[in-house]
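First the structure, in the form of structure tokens, and then the observations on it.
The values are calculated or read from the model by the stated rules, or taken from the named source; none is laboratory data. None of the values given here were measured: they were computed from a predicted structure. Because the Cβ atoms are built from the backbone with ideal geometry, glycine has one as well, and the counts that use them run over all protein chains shown.
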Amino acid sequence: MKNNKEPEIARRYAPRIFFDENEPFLPLYVGYTVVRGEEIDSPSFSRKLTPPKNGMTIEYAIYWDWDIGHHYDLEHLWVHVNQKGEVISFEGSAHGLYINLWPSPPELEALIKALKNKNRKNKYCPAEKEFNFPRIYKSGEGLLCYSQPGKHAFAPSADWYRQQQEFVTAECNQRAGQAATIGGVYGDSLLNKYRDCEELARDYLKRSAFNPTLNFNQLIDLKTDVELMSWKKLYKLIPERINYWMQRLKIDSKEDE
């Protein structure tokens with residue numbers, strides 16, 4: 001497959017995401033990277049991208065203007081496809097780790113343990129058991145996952161969040177705006193640029209605090225409901241979105257005086 005087919009490939013395998021019915025922040029853009037042949041470093045996440053032999057790996061960097069804890073959010077999904085065009089595994093990011101969403105997701109307890117012990121060299125939470133998901137997953141048509149309310153980390157089942165209801169709810173209200181501003185993939189240069197907006201961002205997020213219902217009935221299809229673009233294009237777009245919001249917060253604060 002040639003590079004001019006990459007938008008088509010990204011759209012074909014793009015997953016669907018279920019969100020809590022009270023989720024205030026939904027994704028706007030997805031930046032894709034299609035990898036074939038040699039292993040590469042992910043351009044937007046701390047991991048290697050190793051495509052299957054004669055197959056490919058598709059990385060989806062999913063962008064939100066806000067996470068309930070801070071301005072701008074990137075979460076990731078990875079789809080690994082064999083030479084027949086079949087999906088052989090589906091992974092997602094979760095609080096800096098990455099986990100198998102299908103066919104063999106970890107137990108929730110294993111993820112919690114991995115989060116407590118994560119480091120730069122080991123960000124993978126290993127698979128533990130087979131899940132009885134439909135075979136349609138192999139075609140790429142049935143890929144789906146669940147997004148943590150407010151924080152957007154991915155899970156294979158809504159039950160993960162229902163089992164952690166107290167923690168999940170606290171993230172959405174008591175801890176809203178805790179970080180306020182971050183540098184993320186842009187590092188300290190971005191963080192330092194908007195130091196004067198930190199309290200404005202924190203106040204905005206505190207006003208956005210909510211109580212999740214843990215009913216995941218908002219469905220976003222990355223094929224149709226958000227704009228798909230190359231990661232290079234999204235990387236250039238994100239600072240524009242951040243600047244838009246920081247300037248808007250400044251204007252709104254002056255109008256409230």
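Please name all residue pairs, on different chains or six or more residues apart, with Cβ atoms under 8 Å, provided the first residue is in the range 229-256 and is over 22 Å from Tyr204 (Cα atoms) and the second residue is at pLDDT below 95 and assigned to a helix (DSSP H, G or I).
Tyr235/Val185
Take the residues in the range 6-26 that are of a type in the set (A, V, I, L, M) and closer than 23 Å to His71 by Cα; name whichever of them is surrounded by the fewest Cβ atoms within 10 Å (Cβ to Cβ).
First, the residues of the range 6-26 that are of a type in the set (A, V, I, L, M): 9-10, 14, 17, 26.
From what is left, the residues that are closer than 23 Å to His71 by Cα are 17, 26.
Working: Ile17: 26, Leu26: 15.
Ranking the qualifying residues of the range 6-26, first place goes to Leu26.
Select from the range 16-37 the residues that are modelled with pLDDT of 95 or more and more than 16 Å from Asp73 (Cα to Cα) and list them in ascending order.
Listed by number, the residues that qualify are Asp20, Glu21, Asn22, Thr33, Val34, Val35, Arg36.
So if I check each of Tyr72, Tyr60, which one is surrounded by 18 or more Cβ atoms within 10 Å (Cβ to Cβ) and at pLDDT 95 or above?
After applying the criteria, what remains is Tyr60.
When you scan the range 147-257 for helices (runs of 4 or more DSSP H) that lie fully inside it, which ones turn up with 1 or more residues that are of a type in the set (D, E, K, R) and modelled with pLDDT of 95 or more?
Those helices (runs of 4 or more DSSP H) span 165-172, 198-207, 231-255.
So is Tyr194 in contact with a helix residue (DSSP H, G or I) (Cβ under 8 Å, 6 or more places away or on another chain), buried (at least 16 other Cβ atoms within 10 Å of the Cβ) and over 18 Å from Glu23 (Cα atoms) or not? So that I can check it myself, show each step before the final result.
Values: in contact with a helix residue (DSSP H, G or I) (Cβ under 8 Å, 6 or more places away or on another chain): yes; buried (at least 16 other Cβ atoms within 10 Å of the Cβ): yes; over 18 Å from Glu23 (Cα atoms): yes.
Answer is yes for this residue.
Taking the criterion of being at negative phi, loosely packed, with under 14 Cβ neighbours inside 10 Å and charged (D, E, K, R), would at least one residue in the range 197-205 satisfy it?
No, because not a single residue in the range 197-205 is at negative phi, loosely packed, with under 14 Cβ neighbours inside 10 Å and charged (D, E, K, R).
Enumerate the pairs (first residue in the range 93-112 and under 17 Å from Phe45 (Cα atoms); second residue anywhere and aromatic (Phe, Trp, Tyr) and modelled with pLDDT under 90) with beta-carbon separation below 8 Å, excluding pairs fewer than 6 apart on the same chain, so at least 6 apart or on different chains.
Leu97/Tyr124; Tyr98/Tyr124; Ile99/Tyr124
Taking the conditions exactly as written (touching a Lys or Arg at 6+ places or on another chain (Cβ under 6 Å) and within 30 Å of Ile88 (Cα to Cα)), does Asp159 satisfy them or not? Please lay out each step first, then the result.
Numbers: touching a Lys or Arg at 6+ places or on another chain (Cβ under 6 Å): no; within 30 Å of Ile88 (Cα to Cα): yes.
No: the conditions fail for Asp159.
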